[in-house]
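The values are calculated or read from the model by the stated rules, or taken from the named source; none is laboratory data. Predicted, not measured: the structure shown is a model, and the values here were computed from it. Please note: Cβ atoms are built from the backbone with ideal geometry, for glycine as well, and neighbour counts cover all protein chains shown. Heavy atoms of the whole protein, side chains included, go into the accessibility calculation; ligands, DNA and RNA do not. Shrake-Rupley method; radii C 1.70, N 1.55, O 1.52, S 1.80 Å.
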Amino acid sequence: MIAFERSEALRYLGYHGTQPDAAVEQAIDRCAEELQSAAIPKSVFQAFELTHLAEGTMKLGGVLIRSKNLARTLKGCTSVYLMAATLGIGVDRLITRASAVRMSDAVIYQAIAAAMIEAYCDEINDTLRHEAERVGLYCRPRFSPGYGDFRIEHQRDFSRLLDTPKKIGLTVTESCLLVPIKSVTAVIGLSNTPQPCHRKGCEECSKTDCAFRR
């Protein structure tokens, strides 16, 4: 069972500084229970060498990446973890069925599942942080394709490098969307220098007008 933050689910539902009424609270409880039953979380991660080639240009796992945002996050790092995580196809099916018969539930499923995948990624982050610290390294904030100028097309590269279709059933569509939809791929830099915070999301994204921004 994934212990997600209810406040995050409410944020995705658009509750900013307000609380839902009793009927919505009950619907959230019901949908959360159904999602927990449907979710089969899986993850895979692997360490790769990182080479900084020029300003905003780097190579990891043989993949050339041009991203000033990612380069800033990985400054001083000589290796990275690549990670991928998914809640599984059961969550997709639950959302799809609700979209056809009760859209209000589909919206709640989407919000809770978004909070769940983030919570699951945080769990993986903690595992990787402890693993890195055992060899004297420190994790930087995870950074996903699609944030800032980090091209979403790199989803394909990460899926290939981690062999996600075989290992966790995660594939990438022609338009670079992940399937199952409640899935994440990310880079986590490894540095000799500790950093106070190893989790960031909205703080690293340049889309300041996003309705879901913290």
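Couple of notes before you dig in:
- Condition check for Ala115: touching a Leu at 6+ places or on another chain (Cβ under 6 Å) and either at pLDDT 95 or above or closer than 26 Å to Lys59 by Cβ (or both): no
- Residue in the range 151-170 that is in contact with a strand residue (DSSP E or B) (Cβ under 6 Å, 6 or more places away or on another chain) and surrounded by fewer than 17 Cβ atoms within 10 Å (Cβ to Cβ) present: yes
- Within the range 16-49, being open to solvent by less than 80 Å² (accessible area, probe 1.4 Å) and either aromatic (Phe, Trp, Tyr) or under 30 Å from Arg160 (Cα atoms) (or both) holds for Leu35, Gln36, Ala38, Ala39, Pro41, Ser43, Val44, Phe45, Gln46, Ala47, Phe48.
- Where Pro194 falls short, out of the listed (1) loosely packed, with under 14 Cβ neighbours inside 10 Å; (2) of a type outside the set (Lys, Arg); (3) without any contact (Cβ under 8 Å) to a residue 24 or more places away in the chain: (3)
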